[in-house]
Amino acid sequence: MALVTTNVGTADRIARIIVGVALIAFALFGPADITWKWVGWIGVMPLLTAFLKWCPAYTLFGIRTCKAD
């Protein structure tokens, strides 16, 4: 029995990976004079939830974007 139920579907995972990579790329390669560059590191969270196939916010609100098991 799994400890965590999958609640992130394939299309959702792809979108999270794209957004996560884009945010991290901004943090690493964006203009050096921007003081908000640290915001790009928020991209780690969408990547983490995409790879785990589980989103704690979805669990909290009862959302599920994947097919039922």
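Relative contact order for the range 10-61 using alpha-carbon pairs under 8 Å, separation at least 6, rounded to a whole percent?
Value for the range 10-61: 44 percent.
How large is ³J(HN,Hα), in whole Hz, for each residue of the range 52-65 in order, when computed from phi with the Karplus curve 6.51 cos²θ - 1.76 cosθ + 1.60 and θ = phi - 60°, using x for Gly and Pro?
Coupling constants for the range 52-65: 7, 6, 8, 10, x, 5, 4, 4, 4, 9, x, 8, 8, 9 Hz.
For Kirkwood radius over Cα pairs in Å, the listed values are (i) 13.0; (ii) 12.3; (iii) 11.5; which was obtained by calculation from the structure presented?
(i)
Could you run the Karplus curve 6.51 cos²θ - 1.76 cosθ + 1.60 with θ = phi - 60° over the range 23-36 and give me ³J(HN,Hα) per residue in whole Hz, x for Gly and Pro?
5, 5, 4, 4, 5, 7, 10, x, x, 5, 8, 7, 7, 8
Which residue, P56, L3, V21, has the largest displacement toward the positive end of the dipole of the chain when charges sit on each Cβ (Lys, Arg +1; Asp, Glu -1)?
L3
Given the options T35, T59, T49, which has the most mean-square fluctuation in a GNM of the chain, springs set between C-alpha atoms less than 10 angstrom apart?
Taking springs between Cα atoms under 10 Å, the residue moving most is T35.
Values quoted throughout were computed directly from the atomic coordinates according to the rules given, and no laboratory measurement underlies them. Keep in mind it's a predicted model, so treat the numbers as computed, not measured. Heads up, the Cβs are rebuilt from the backbone with ideal geometry, glycines too, and the neighbour counts pull from every protein chain shown.
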